[in-house]
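None of the figures in this text is laboratory data; all of them are computed from the coordinates on show. Owing to the predicted nature of the structure, the values given are computational and were not obtained by experimental measurement. Note: ideal-geometry Cβ built from the backbone for every residue, glycine included; neighbour counts use all protein chains shown.
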Amino acid sequence: MAFAVCARAVEELAVGEQRNGIDDIWGRRTPFCGAGNWSQRVDQNLTAEPDKWVQSCCVLCSNGCGMDIAVKDNKIVGVRGRGDDQISRGRLGPKGLNGWIANNSEDRLTRPLIRKSGKLVPTTWEEAMSTMVAKCIEVRDKSTPFALGIHSTGQLFLEEYHLLAMVGKAGLHTNNMDGNTRLCTATAAQALKETFGSDGQPGTYADIDVTECIFLAGHNPAHTQTVLWSRILDRLAAPNRPRLIVLDCRKTPCAEAADVHLAPKLGTNVAVLNGLLRLIVKNGAVDQSFIAAHTVGFDEMVKTVESYTPDKVEQISGIAASLLIQAGEILSTAPSLVSTALQGLYQSHQATAASCLLNNINLLRGMIGKPGCGILQMNGQPTSQNTRESGCDGEYPGFLNHQNKAHMDHLTRAWNVDKLAIPHGDLPSHAMEIFRHAETGSIKWLWIIGTNPAVSMPELHRIRSILSSHELFVIVQDAFLTETAKLADIVLPTALWGEKTGTFTNTDRTVHISHKAVDPPGEAKSDFEIFLDFAKRMDFRDKDGMPLIKFSDPEGTFNHWREFSKGLVPDYSGITYEKLSKCSGIQWPCNDQRPDGTARLYEDLIFPTAADRCETYGHDLVTGGAISGDEYKLNDPSGRARIRSCDYEPPLESTDDEYPFLLTTGRNAYQFHTRTKTARAPKLEAAAPHVVVEISRGDAERLAIEPGEELVVSSRRGTVKGPAQITDIIPGHIFIPFHYGYWDKPSHKTAANELTITYWDPVSKQPMFKLAAVQVHKASEPSGQKLLEKLAVALDHAKELVDKTMSSMHAHRAHTGDYLFLAKETCSEFEKACDIVSARYLEELDLQSGLRHMKKFANQAANLLQPALDKYGEHAGDEGKRLREALIRPMRTGSTGILHDLHDLYMMTWELHATLMILDKAAKALADQNFVDDCENASSTVKRMQMWFVTQFQHRAAQALIVPS
Ligand code: SF4
């Protein structure tokens, strides 16, 4: 899918430009040559004349700019952009031009490390892998596969993810598998699923070249995707400049360039977006024929947004009503519209709801699936799209729906495994839950791959304590001794980008290939090789007893993925290594019908929302409650997009006298994530060497804070220190970049996540990094800081003590037997309750007969569970007896007495129903088909009982209640 090229622009600009991008982040403006014709500008940064150039793509943000790697004497000596690349047309930003220098760092890990006598010491691969495997088997055999956890990354290659997904799901059978993509891109995926039925970016970057309006919602590409911002800047500088609306509490470079800058108080995005939707409706700008033919949910949304007048939105968000009206006018009149979102929505309060409301704007205007009209729910990391596609993010490969039996059959057939081999009865654990399970001792073996939770997760003192626990065996796979690796039991040294071959997919579904350019240092291995070695040592088998993993190199793995993805939403079947090596990017779906790839999804306006096709049945956007398949099928959208509605809810944490500021965290243009790579590139590190505390001019003046003055920021969870940077952020707000960990610093007080809260969006489960109440003091003030810090340390110790005491009091054992006993006991107590009730109404023969049946069914249900009781044991309790005694009162008479007694018996059946539902999850996790069948049969029996009770209510309720007696 190469661009048609603007000849004039190429002639003038297609020369290798030596550029480091530090002082001029976005580079000079280049002419815009009309639709689809973004000019070439080939940037390069070379430190020596190379022997060869090797095709690759940048992995330092989700933009995915094609680049070539310059190699001399088996060493990377520079990079240059690829002029034919459809994403960048040769441009590279500061990180792309300089980040590769980290590959050549002196402190790369070159040998595996193992903890002995409390210290990490070098070891052999044999000892590291055999120890890792032995510990894995020991934990699995003693505590089930659910005591194993994998926390991976958004920076591997597609082939590595595909292999890892098979290892984790079909090999280890664990439900505890997620990526750090939960922190950056989970909401993007969820919002796309909730609205369109499936993950998969509807839009394409080419829409930016022709659109007449761009809405950047919580998205600051000037710092997060600098080459994308160059593209937008070129459009803004060209004739037919598009209108630009920016939603951001900071005055970012994007906000400065905007026609309207909406700067809301943190946590209020849903109110603002509801206000904009209301204005579009009021302005009569809704594309009614599109809404009628291609969407569901419009009327409900209109009702929800009705009360969000500009005045009300101003009250909630602080945005002047006049500004909201201006933005509403632009969105109502724009002939075309590209809407984008990133962490300002995803990591904030009501994240999924806000992202769905953004989707609504384009749907209301009928602006999707055609040139200049698209939605880009951006990704955070370079390969996070592949984490989602492969199922390494806790979801399922190929955007399959784990609640849909046919989808799971597709998966188990493709992998040739039994249907219970892949855990899918439960909702997959998300990253925050995985760490919580580790905190409570339920996960005992945790494999951390290419990520650094000791700096990136919220509330870092907790994460440090979890990773340091003697109860948890931690394996870290990384190229550097990160803050997390320092806490590990085993460290496996890995190859970086440029030292291995594979493919990866950017935000707009463009797939690039990155060929191996140089060898990794020392004994470091690619993640692919490590996963393969682990799978062999674990001897994972398919259902025919053959090795589970049937491929042995990246290209073979890619072909396996192509075959699997054929016909699914992310269809890669038409992409090959050969094709990728002859161009610079192909957008999936790519197949026989679309051999050159597909720029826009949904050109036919048919969305994958049909019940048999969708990736999820959706959620209540306020509570996160999952909609069941049966409920969904009742109102099957059958290919129409779902317009979602959600009211604004105030956030959990807000300001008070003690913590009067709101904190948000984010990135700068020079550092990537926790600086593991970028801090090792001297020019990038020098450009942004330390943490800063951004504060508004008004607040700085009020508190007499000078630029650069050292500030102390504290939340209820921790403290950060850094120099003040006085900016146009809205008053009462503080911004701290999250990059600054402590691998090269003596103190923990630089990491923004010391302050953030362990709380997540109820739907996407993405942590809320962009809202925490904090206090700010000058470091020089003899304020209560020292006291507060001491208090925080004391609280940590107290909590640790409580945790240790609790865990020592609690002998570890499986609890399946508790619930089996509860089910058996509830059946038996229900039988007793039936006898009691029956004895009260001897003249009611119909009731007598019915209760006799109920007793029989309860007995049957208990008998069905006997084999499981024999197998897993029972652990006696008295909840069933206590429930019966609490519900069945000593004496009741008459028709209302019968009604109350039936009501109470019915409540007991629900206790049984819930107990069986919980047991069913355990049975599936144990991959015990007989147990699963017994639970299902017992549940059917209970449903039959409940039907009788409902019929009794239908007969008796009205008469008993309304006629005085
Ligand atoms: S915009 Fe992103 S992908 Fe492109 S060069 Fe910069 S960091 Fe790399």
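When the GluC sites (Glu not before Pro) in the range 84-133 are filtered for DSSP coil states and for at most 16 other beta-carbon atoms within 10 Å of their beta-carbon, the remaining sites are Glu106. The relative contact order of the chain, computed from alpha carbon pairs under 8 Å that lie at least 6 residues apart in sequence, is 14 percent.
Taking the number of Cβ atoms within 10 Å of each Cβ as an exposure proxy, the fewest-first ranking of Asp409, Asp259, Asp393 is Asp409, Asp259, Asp393. Consider a paramagnetic label point 7 Å from the Cα of Arg541 along Cα→Cβ; state which residues of the range 410-427 have an amide N under 14 Å from it. Only 417-418 pass the distance filter. Across the range 675-734, Cα-Cα distances exceeding 14 Å account for 61% of all pairs. Fewest-first ordering of Met907, Met301 by other beta carbons within 10 Å of each residue's beta carbon gives Met907, Met301.
Inter-label distance, Asn20 to Asn283: 4.6 nm, where each label sits 7 Å from its Cα along the C-beta direction. Of all DSSP-defined beta bridges confined to the chain, some 50% are antiparallel rather than parallel.
In the range 111-265, Cα pairs under 8 Å separated by at least six residues give a relative contact order of 12 percent. With the simple spin-label model, which puts each label point 7 Å out from Cα in the Cβ direction, the Ser940 to Met907 separation comes to 3.0 nm.
Can you tell me the order of 222-230, 92-100 when each peptide is scored by its average per-residue count of other Cβ atoms within 10 angstrom, highest first? Walk me through the numbers before you get to the answer.
Values: 222-230: 25.8, 92-100: 27.8.
Per-residue mean Cβ counts within 10 Å order the peptides as 92-100, 222-230.
The stretch between Asp620 and Asp409, if pulled fully straight at 0.36 nm per residue, gains 73.2 nm over its current Cα-Cα span.
Decide, for the range 487-572, between rounded, prolate and oblate: order the square roots of the alpha carbon gyration tensor eigenvalues as a ≥ b ≥ c, take rounded if a/c falls under 1.5, and otherwise choose prolate if a/b is larger than b/c, else oblate.
oblate
Taking the Cα atoms only, what angle lies between the long axis of helix 226-237 and the longest principal axis of the chain, rounded to 10 degrees? Approximately 70 degrees, to the nearest ten. The Rg/Rh ratio of the chain, with Rg taken over Cα atoms and Rh as the Kirkwood radius over Cα pairs, comes to 0.99. Full extension of the chain segment joining Ser638 with Asp418 gains 76.1 nm, where the gain is 0.36 nm per residue of separation less the Cα-Cα distance.
Most exposed first by the Cβ proxy, i.e. fewest other Cβ within 10 Å, how do Asp699, Asp311, Asp426 rank?
On the way: Asp699 20, Asp311 11, Asp426 14.
The order, fewest Cβ neighbours first, is Asp311, Asp426, Asp699.
Here the label points at Ile627 and Asp259, each 7 Å from Cα along the C-beta direction, are separated by 3.4 nm in the simple model. Rounded if a/c is under 1.5, else prolate if a/b is larger than b/c, else oblate: which is the range 182-338, with a ≥ b ≥ c the root eigenvalues of its Cα gyration tensor? Because its axes are fairly even, with a/c under 1.5, the range 182-338 counts as rounded.
Shape class for the range 820-859: oblate, because the ratio a/c of the largest to smallest gyration tensor axis (alpha-carbon atoms, square roots of eigenvalues) is 1.5 or more and b/c is at least a/b.
Quick one: net charge around Trp26, please, counting Lys, Arg +1 and Asp, Glu -1 for every other residue with C-beta under 12 Å from its C-beta. Don't skip to the end; give the middle numbers.
Numbers: positive: Arg19, Arg28, Arg29, Arg41, Arg91, Arg231; negative: Asp23, Asp24, Asp43, Asp234.
Within the 12 Å Cβ shell, the charges total +2.
Write out the GluC sites (Glu not before Pro) in the range 840-921 meeting two conditions: DSSP loop, and at most 12 other Cβ atoms within 10 Å of their Cβ.
Sparse-neighbourhood loop GluC sites (Glu not before Pro): Glu843.
For the range 585-666, which GluC sites (Glu not before Pro) pass both filters: DSSP loop (anything but H, G, I, E, B) and at most 15 other C-beta atoms within 10 Å? Numbers along the way, then the final one.
Values: sites: Glu603, Glu615, Glu631, Glu653, Glu658; in loops: Glu603, Glu615, Glu653, Glu658.
The qualifying sites are Glu603, Glu658.
Subtract the Cα-Cα distance of Asp533 and Val121 from 0.36 nm times their separation in residues, and report this length gain in nm to one decimal. Extending this stretch completely gives an extra 146.2 nm.
Report D for the range 293-388 in µm² per second (integer): Stokes-Einstein, Kirkwood Rh on Cα pairs, 4 °C, 1.567 mPa s. For these conditions, the coefficient is 85 µm²/s.
For the range 126-278, give me the percentage of DSSP beta bridges that are antiparallel, rounded to the nearest 5 percent. Don't jump to the answer; show the numbers that get you there.
Working: 0 of 11 bridges.
Here the antiparallel bridges make up roughly 0 percent for the range 126-278.
Here is how the number arises for the chain: DSSP H runs of 4 or more residues each give -39500 (n - 2.57), the sum is divided by the residue count, and the result at 222 nm is -12000 deg cm²/dmol.
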